[in-house]
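Visitor: Sending over a structure as structure tokens; questions will come in a sec.
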Amino acid sequence: MTLSTIQNEDVRASVDAALDTLKESLRKLNHQIWSNPELAYQEHGAHDAICDFLEGQGFTVTRHAYGLDTSFEALSGSGGRLVNFNAEYDALPDIGHACGHNLIATSSIAAFLALSFTLKKYGLPGRTQLLGTPAEENGGGKAKLIDAGAYKGVDISLMAHSGNKKVFPDQEDSDGIAGTLMNARKNIHCEFSGKSAHAGGNPWDGVNALDAMVTSYNNVAVLRQQLLPDQRVHCAFMDTPKVANVIPAYTKAFWQVRSPTLKGLNQLVAKIRNCIEAGALATGCQVTITEDELYTDVRLNDKLCERYQVHMGSYDRKVLKRHDKVLTASSDIGNVSYVTPTLHTMFGIPTPEKTFPHHPTFAAAAGTDEAHAEAIIVGKSLALIGYDIITNDAMFETVHRQWQEEIARDD
Ligand SMILES: [Zn+2]
Ligand SMILES: [Zn+2]
């Protein structure tokens, strides 16, 4: 068969057939990941289970890829364009798969299998990559993978995140949103150093590191009234005094700062640093501030969003192309969207009322047969987008041009 004689219905039938034969084993794999939640960079069980599964399907898998113990890479095909799928599988402390990353893994594995088998069946040039991307919740696995070269040569990057059907209160009813803006985020760690003294005997000889930390916290509390509606700042006190009768010489705090764009984030981080430094200055303490784990905002790609909407529509799912409000959470897929055209869609799964990701009730919703069935349909749609991009030059050029315009946008 040549490209011109392959009909769209044939491609869809091939994608459907590839996954129908793996129906039970995919459900089993999803359940295995969901029922054994593992935290960032400790996802050894999920890593091994997915690698074993892919090898069982005849794929060559690089375990512990790109210097990360719980990352892997599977590559298939030859020539043509390279379509990347991202599989996340980390969970949250105490509440398991309350972000539904078992469903992200499932949809990306399904997409990779369906597209790889279809390209092979028709003998078409084109390559697929399934990347195991650990530590999305905490640790920025994708940022490390970018630095290690994992996305080098990738032409588009695709993935899908589950959520409740209504992500925004003003959103019309739908089965998901193709393009969702997300906040850029950065972590700030600060350590205050003072001087111990007897709190009852000679407090005037002490330099109080707890006062420095509390003062800096209050400075940020004052700043809050000037934050933009979608900006977020949150803090945890990591190291605090355990006794009251000693002027504390050391404290440590951890801040997360979020803003809709990278530029806005940098401006806000500068203000937070001033608040922290002012706390140190007011109390006479020294402060060390370190920043890490930058998650950028997500740059949307209109064409990829449109293709997702079209393919989900062919499975009777109503998807909104985009929502202009920012989802104030953050993801390291944002970083990927700056290095290659990227789709990070949100798909709805059945949930009880008032259930949201990061709530324990969402973990239960992410483990159901209904949620699994949605993840498979989403995976099929991602595979079909991959097929579009591999076989349609004009479409790929549009995607690429839109991406260049998006990343050049300075706001
Ligand atoms: Zn999450
Ligand atoms: Zn998540």
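Visitor: From Glu374, Glu370, which residue is of a type in the set (D, E, K, R), assigned by TED's automatic domain parsing to the domain that holds Gly149, in contact with a Leu (Cβ under 9 Å, 6 or more places away or on another chain) and within 27 Å of Ser35 (Cβ to Cβ)?
Guide: Step by step, each of Glu374, Glu370 is checked, and only Glu374 is of a type in the set (D, E, K, R), assigned by TED's automatic domain parsing to the domain that holds Gly149, in contact with a Leu (Cβ under 9 Å, 6 or more places away or on another chain) and within 27 Å of Ser35 (Cβ to Cβ).
Visitor: Go over the candidates Leu92, Leu115, Leu103 one by one and state the one that is hydrophobic (A, V, I, L, M, F, W, C), modelled with pLDDT of 95 or more and farther than 14 Å from Trp34 by Cα.
Guide: After ruling out the rest, the residue left standing is Leu115.
Visitor: When you go through (1) out of contact with any Phe, Trp or Tyr (no Cβ under 6 Å at 6 or more places or on another chain); (2) outside any strand (DSSP E or B) one by one for Ala150, which number turns out not to apply?
Guide: (1)
Visitor: Then there's this: Inside the range 169-179, can you point out the residues that are at pLDDT 95 or above and touching a His at 6+ places or on another chain (Cβ under 8 Å)?
Guide: The answer is Ile177, Gly179.
Visitor: I would also like to ask the following. Just the residues that are farther than 14 Å from Gly379 by Cα and surrounded by fewer than 19 Cβ atoms within 10 Å (Cβ to Cβ), please, taken from the range 14-35.
Guide: Within the range 14-35, Thr21, Glu24, Ser25, Lys28, His31, Gln32, Ser35 qualify.
Visitor: Please verify whether the range 146-156 includes one or more residues that are closer than 17 Å to Thr342 by Cβ and within 12 Å of the chain's Cα centre (by Cα).
Guide: No: zero hits.
Visitor: Follow-up. Would you please name the residue that is farthest from ligand 2 (Cβ to nearest atom), looking only at residues in the range 339-361 that are assigned to a loop (DSSP other than H, G, I, E, B) and out of contact with any Ser or Thr (no Cβ under 9 Å at 6 or more places or on another chain)?
Guide: So, considering only residues that are assigned to a loop (DSSP other than H, G, I, E, B) and out of contact with any Ser or Thr (no Cβ under 9 Å at 6 or more places or on another chain), the one farthest from ligand 2 (Cβ to nearest atom) is Glu353.
Visitor: Shifting gears a bit: Just to confirm my filter: which strands (runs of 3 or more DSSP E) fall fully inside the range 69-140 and include at least 2 residues that are within 16 Å of ligand 1 (Cβ to nearest atom) and outside the structural domain of Gln256 (by TED's automatic domain parsing)?
Guide: 82-87
Visitor: Restricting to the range 322-345, what's the tally of residues that are farther than 22 Å from Val257 by Cα and of a type outside the set (Ser, Thr, Tyr)?
Guide: 5
Visitor: Report the residue count in the range 36-47 for those that are surrounded by fewer than 18 Cβ atoms within 10 Å (Cβ to Cβ) and touching a residue at least 12 places away in the same chain (Cβ under 8 Å).
Guide: The qualifying residues number 5.
Visitor: Restricting attention to the range 106-131, and to residues there that are out of contact with any helix residue (DSSP H, G or I) (no Cβ under 6 Å at 6 or more places or on another chain) and among the small types (Gly, Ala, Ser), which single residue is farthest from ligand 2 (Cβ to nearest atom)?
Guide: Gly123
Visitor: If you don't mind, another one. (1) within 18 Å of Arg185 (Cα to Cα); (2) within 16 Å of ligand 2 (Cβ to nearest atom): which one isn't true of Ile146, the others all being true?
Guide: (2)
Visitor: Search the range 294-341 for residues being under 28 Å from Gly153 (Cβ atoms) and among the acidic types (Asp, Glu), and hand back the single one that is nearest to ligand 1 (Cβ to nearest atom).
Guide: Asp332
Visitor: Also: Condition first: within 16 Å of ligand 2 (Cβ to nearest atom) and in a loop (DSSP other than H, G, I, E, B). Can you find one or more residues in the range 42-61 that meet it?
Guide: yes
Visitor: Tally time: how many residues in the range 225-273 are over 30 Å from His198 (Cα atoms), of a type in the set (S, T, N, Q) and not in a loop (DSSP other than H, G, I, E, B)?
Guide: Of the residues in that region, 6 qualify.
Visitor: If Lys166 satisfies every condition in (1) within 30 Å of Ala253 (Cα to Cα); (2) basic (Lys, Arg); (3) modelled with pLDDT under 95 but one, which is the exception?
Guide: The single condition Lys166 does not satisfy is (1).
Visitor: Considering only the range 120-159, state which residues are touching a Gly at 6+ places or on another chain (Cβ under 8 Å) and of a type in the set (Gly, Ala, Ser).
Guide: Gly126, Ala135, Ala148
The values are calculated or read from the model by the stated rules, or taken from the named source; none is laboratory data. Being a predicted model, the structure only gives us computed values, none of them experimental. Glycine gets a Cβ as well: all are built from the backbone with ideal geometry, and neighbour counts include every protein chain shown.
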